[in-house]
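Working notes, structure below.
The values are calculated or read from the model by the stated rules, or taken from the named source; none is laboratory data. Because the structure is a prediction, the values reported are computed rather than measured. Methodologically, a virtual Cβ is constructed for each residue, glycine included, from the backbone with ideal geometry; neighbour enumeration extends over all protein chains shown. Please note that ligands, DNA and RNA were not included when accessible areas were found on the heavy atoms of the full protein model with its side chains. Shrake-Rupley method; radii C 1.70, N 1.55, O 1.52, S 1.80 Å.
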Amino acid sequence: MTIYDKIERTLQQLGVSDARGVESLFAELQKTAEQERAELVSRGAPDQPQRDRLCKALRDRWLARKGGVLSRVDENWLKPAGKELKPVVGRQFNDLRRWTASLEFEKLAEALPLQEAPVKQVELPLTTGAGRAVPRDLTLPGLRRPLGSVHPVTRMQREIEDIFLRLGFWIESGPEIESTYYNFDALNIPESHPSRDDWDTFYIDAKTVLRTHTSPVQIRAMEKYGAPLYIIIPGKCYRHDNPDATHYPMFHQIEGLAIDKDITFADLKGTLDFFAKMLFGEKVRTRFQPSFFPFTEPSGEVAVSCFVCDGQGCRVCKESGWIELMGCGMVHPQVLRYGGIDPDKYSGWAFGLGVDRFAMVKHDINDIQLFFQGDVRFLEQF
Ligand code: DAH
């Protein structure tokens with residue numbers, strides 16, 4: 001007989017006729033209440049409405065005026081109890097009432113933990129790449145995930161790196177969040193100088209920018225290694241450009257820097273001509289035109305004869321026969337000084353090129369944004 005059956009009978013019907021029997025009945029009740037409460041707490045509830053419902057049900061089962069356990073005990077055990085037992089039953093009943101009150105069923109709702117949404121156990125069907133179910137033959141070879149490929153810009157970067165690595169250059173890198181000192185001042189671009197506006201800059205604060213070019217790493221490397229120095233510096237750069245077919249706020253450059261004794265413009269020309277032939281084929285010719293950059297003097301623009309039409313004029317070279325490759329020049333003595341290198345002892349040349357542009361020219365891609373949209377249909381062509 002459960003305790004719930006027992007509260008529907010009188011003590012007499014239950015054959016309880018002494019204090020010990022009464023006490024053990026009440027002890028049983030107390031234990032049941034405790035258990036029910038503990039069980040509910042440990043189970044928790046899936047959500048708030050359910051939690052409130054479960055807590056109210058527990059409270060009502062014990063405390064409801066009509067039909068609650070306590071009211072049944074009052075009705076069936078206390079009221080009909082004989083003279084000798086009544087005081088014991090009354091005391092026990094009061095104790096039970098106080099005790100159930102202390103369980104604070106009303107407050108239980110706030111304490112009850114909500115269960116986390118159960119994680120659905122999804123059984124993964126064994127499928128082929130095309131999604132067709134295959135029989136569960138465990139001796140079959142494993143399923144292959146489709147492999148990605150090296151991004152065309154990264155691939156271009158590596159091709160360029162390889163050429164310079166073979167010439168004895170090594171690869172250096174620097175921070176993308178850069179001080180205005182390295183990005184501008186140390187490159188001979190003073191704050192008041194209008195050429196600062198040539199770089200549409202993302203400022204983080206008055207003295208910190210997203211680097212607008214890889215040139216600041218020239219200074220960092222000079223400070224770190226001194227001369228002689230033969231390095232290339234690939235990396236991301238940022239400019240406040242509106243995205244269009246040839247601009248994107250983030251893009252990639254490779255900087256080149258050679259510093260040694262007796263370095264001349266002839267070294268610059270020879271190296272870049274060799275580089276262009278390695279990359280675009282023996283047939284191409286290079287063209288050097290004067291230009292201006294604050295950190296080189298003299299400065300130049302390098303172009304290569306169009307490797308598609310051999311200089312005849314086509315879509316790739318925009319009918320000009322030439323493809324612009326990069327800016328370059330002899331490192332300005334002031335820049336050497338900023339890097340801690342004595343311009344009376346050493347000289348050097350430098351260049352900076354846009355890797356994305358190189359990849360566009362090479363693959364005849366007419367929109368730089370395609371590189372960064374992550375569209376697999378575009379990327380898997382490379
Ligand atoms: N830093 C220049 C730019 O982003 C490119 C450049 C030009 C780098 C000439 C050089 C250089 O090292 O000599 O526009």
| field | Single residue of S299, S305 found to be touching a Gly at 6+ places or on another chain (Cβ under 9 Å) and within 13 Å of the ligand (Cβ to nearest atom) | value | S299
| message | One residue is enough: does the range 303-311 have a residue meeting the conditions open to solvent by 30 Å² or more (accessible area, probe 1.4 Å) and at pLDDT 95 or above? | response | no
| Taking the condition open to solvent by 20 Å² or more (accessible area, probe 1.4 Å) and either under 26 Å from V153 (Cβ atoms) or away from the ligand (no atom under 12 Å from the Cβ) (or both), does P228 pass? | yes
| Which one of I341, I365 is more than 14 Å from the ligand (Cβ to nearest atom) and crowded, with 21+ Cβ neighbours inside 10 Å? | I341
| request: Give the range 317-338 a look and list any residue that's in contact (Cβ under 8 Å) with a residue 60 or more places away in the chain, out of contact with any helix residue (DSSP H, G or I) (no Cβ under 8 Å at 6 or more places or on another chain) and more than 13 Å from the ligand (Cβ to nearest atom), or say none. | output: Q334
| message | For the structure I just gave you, tell me whether R155 is in contact (Cβ under 8 Å) with a residue 24 or more places away in the chain, among the basic types (K, R) and under 21 Å from T296 (Cβ atoms). | response | no
| query | Considering only the range 169-225, how many residues are under 20 Å from W349 (Cα atoms), within 14 Å of the ligand (Cβ to nearest atom) and outside any loop (DSSP other than H, G, I, E, B)? | reply | 11
| Could we say that L25 is within 60 Å of the chain's Cα centre (by Cα) and surrounded by 15 or more Cβ atoms within 10 Å (Cβ to Cβ) here? | no
